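Notes to accompany the following structure.
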Amino acid sequence: MFFGRVVAPGEPLWTDEDRAWALALADVERDVCPDCGHPWSETSRPEAEGTYRAELLRCHACAAGATTAHTFEQSNGDTRGIHLSIHKKE
């Protein structure tokens, strides 16, 4: 958990260490594939081909949402701007 620090009058909002951590995080986030979340710097190397395996997983919450949206669309519902709110059954 991040609690931060209390900035006293005359102290900078960001310390040198704060800036270093923020820049390091930006570097890490810049190197992430938006689809799988693995680092581009590793996964895009030619020698990485064939070194990953994948599993198909179904998110049943997303499946329920997709089914509802598909049914709505098939009944000539206008899906522009539609967002789904998915809740677990009780």
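The values are calculated or read from the model by the stated rules, or taken from the named source; none is laboratory data. Every value quoted in this text rests on a predicted model; they were computed, and no experiment measured them. Reconstructed Cβ throughout: ideal geometry from the backbone, glycine too, with neighbour counts over all protein chains shown. Areas reflect the complete protein model, heavy atoms only, side chains present, ligands, DNA and RNA absent. Shrake-Rupley method; radii C 1.70, N 1.55, O 1.52, S 1.80 Å.
Within the range 71-78, is even one residue assigned to a loop (DSSP other than H, G, I, E, B), surrounded by 10 or more Cβ atoms within 10 Å (Cβ to Cβ), over 23 Å from the mean Cα position of the chain (by Cα) and without any contact (Cβ under 8 Å) to a residue 12 or more places away in the chain? Please lay out each step first, then the result.
Pass one, the range 71-78, residues assigned to a loop (DSSP other than H, G, I, E, B): 75-78.
From what's left, surrounded by 10 or more Cβ atoms within 10 Å (Cβ to Cβ): 77.
Filter once more, so that each one left must be over 23 Å from the mean Cα position of the chain (by Cα): 77.
Then keep just the ones that are without any contact (Cβ under 8 Å) to a residue 12 or more places away in the chain; that gives 77.
Yes - at least one qualifying residue is present in the range 71-78.
Whether any residue in the range 4-19 is open to solvent by 100 Å² or more (accessible area, probe 1.4 Å), modelled with pLDDT of 95 or more, of a type in the set (D, E, K, R) and over 23 Å from the mean Cα position of the chain (by Cα) is what I want to check.
no
Would you pick out the residues in the range 39-61 that are under 30 Å from Leu84 (Cα atoms) and open to solvent by 80 Å² or more (accessible area, probe 1.4 Å)? Spell out how you get there, then give the answer.
Filtering the range 39-61 down to residues under 30 Å from Leu84 (Cα atoms) leaves 54-61.
Across the range 39-61, the qualifying residues are Ala54, Glu55, Leu56, Leu57, Arg58, His60.
Here are some residues: Val32, Val28. Which one is in contact with a strand residue (DSSP E or B) (Cβ under 7 Å, 6 or more places away or on another chain), open to solvent by less than 100 Å² (accessible area, probe 1.4 Å) and not polar (S, T, N, Q)?
Values: Val28 fails: in contact with a strand residue (DSSP E or B) (Cβ under 7 Å, 6 or more places away or on another chain).
From the options Val32, Val28, the qualifying one is Val32.
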